[in-house]
Amino acid sequence: MADLWWIYSKPVPADGRELWTLFLQCSCITAVIGGLFYNWVFASLEYSWHLSVASAVSFSLLLLLTLLLVHPARCVFTMIMPTLGTKQGRKLLFSTCVMIAAVNITPNIISNIKTILQVINCICKNSSDSLLNSTALLEKVSWEFGDAIQENIHSIYKPMNGHFRFSLLQNSSLIYQKMHLAGEKISREFLSVEVLVKDSLRVANRLAAAFFMLYLCFESTWYLKNYLTNLRFDNFYITKKLERLAMDRKAAHLLVGSSKKLIRPTGWKLSWEEVAPCLVRAMLVTVALMLMLVVVAVDHFAFSVADTAVRKAALFSAVPITLNIKYKVEIGIVPFLFKIFGHPSEELLLGDFNRSYHHDLIFSSAHCGISPPTPPNPSVLLVVGLLFCILYGTVFLETFARRLCWAIAASFFQSWEEKRVLHLYRRLSRRH
């Protein structure tokens, strides 16, 4: 492994064997990165299959030539891997979480809201249908009542017409049409909102992912540029070269006296200057986690409401309505004579009508086209949870990722690292 890394980090291969070894190394790296790049573009960013394949092949060929021919670019590309454990990698993970929420959680919420609206639409349609049928019952009652008046009452006292006319039934089809159009309009608006939200989030995520990838390359390039131009940049490690230099010049006490300010790159010790930013980054990740939990909670709440609405709507019982009509027509016979003689007056019964009519108001029906509520996908929650675990891990691993970037740069530019070690030794000497 040490020999392979030595060949990989050398500026120029020494012979043909090293050249072929470097070519095989770059080819393996390119194949792996090309596959990951295709999966990221096709699955996460949701580009078309043809565009994903074309971009992955082009990117792989360009990466192979760059790694094989340009030594500093090879160093920058190698530093990109540990840089994924820094804030730039966290931004990419945040972008992935947003895309997962946009593709899986948000449509699920909208689908459950559509189910709730379908339940409301079904209840409104069936209740209005029952009300319209009740007007038909009233018309039937009025005609039977009018016929009874016409038949039972003497022609002397018979009214001209005892029928009532209801004109509401003539507009029932218009009411159904308006309700259908209103439901269709709501469905189209929800579909357009869903498409707009998904497209907007998809475009925003693609732009953010492209920006973060470019900035990731810029971050590694910026680190290498500062490493090669500034001797003080990220130069506070107790390396073996520094220890050897101090032992050769009999100044080992410099490293002991400055142990609080210097750290060993291979150790797990973190200084307070390194711990404090970790706590701040952990708070930012917690805020993002709270926002994602709010979205997940809304998804569960929408499913709970939709499931309850569907189950309760199926249990709605019919409301019975009873209409009782009692009608009696009587006429008094010479009432003033009976009043003179002090006898109670007698009445003649001309007509009697006493009937009951029953009707049921129905609020739900099995014929309603209600889509079942969609439960939250547990695999999506598992993936989001794992991503946030990785995010919390990168918060505390960022310091070690920075140390790894230093180790990579030092192995690619060993002669420059010797100058940096000599510069650090002189600084310690002057301070002492």
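The values are calculated or read from the model by the stated rules, or taken from the named source; none is laboratory data. Nothing here was measured: the structure is a model prediction, and the numbers come from that model. Every residue, glycine as well, gets a Cβ built from its backbone with ideal geometry; the counts of neighbours run over all protein chains shown. Remember, those area values only see protein heavy atoms, side chains included, never the ligands or the DNA or RNA. Shrake-Rupley method; radii C 1.70, N 1.55, O 1.52, S 1.80 Å.
Close Cβ contacts (under 9 Å, 6 or more residues apart or on different chains) running from residues in segment 273-286 that are within 21 Å of residue 387 (Cα to Cα) to residues that are at pLDDT below 75 and open to solvent by 50 Å² or more (accessible area, probe 1.4 Å) comprise 278/270; 281/87. Assess whether residue 111 counts as being open to solvent by 30 Å² or more (accessible area, probe 1.4 Å), part of a helix (DSSP H, G or I) and among the small types (Gly, Ala, Ser). Yes. Scanning segment 241-269 for residues that are modelled with pLDDT of 70 or more, out of contact with any strand residue (DSSP E or B) (no Cβ under 8 Å at 6 or more places or on another chain) and charged (D, E, K, R) yields 241, 243, 244, 248, 249, 250. Residues that are under 30 Å from residue 357 (Cα atoms) and assigned to a helix (DSSP H, G or I) within segment 289-324 comprise 312, 313, 314, listed in sequence order. Residue selection: residue 358 fails the criterion of being part of a loop (DSSP other than H, G, I, E, B) and modelled with pLDDT under 85. Contact map, segment 221-247: first residue in a helix (DSSP H, G or I), second residue open to solvent by less than 60 Å² (accessible area, probe 1.4 Å) and among the hydroxyl-bearing types (Ser, Thr, Tyr), Cβ cut-off under 9 Å, separation 6 or more or different chains; pairs are 223/83; 242/425; 245/425; 246/425.
Listed by position, the helices (runs of 4 or more DSSP H) enclosed by segment 1-102 that each have at least 1 residues that are aromatic (Phe, Trp, Tyr) and over 19 Å from residue 213 (Cα atoms) are 2-9, 16-39, 49-69. Against the conditions (1) open to solvent by 60 Å² or more (accessible area, probe 1.4 Å); (2) at pLDDT 90 or above, residue 40 satisfies every one except (2). Scanning segment 233-242 for residues being over 15 Å from residue 402 (Cβ atoms) and open to solvent by 60 Å² or more (accessible area, probe 1.4 Å) gives a total of 2.
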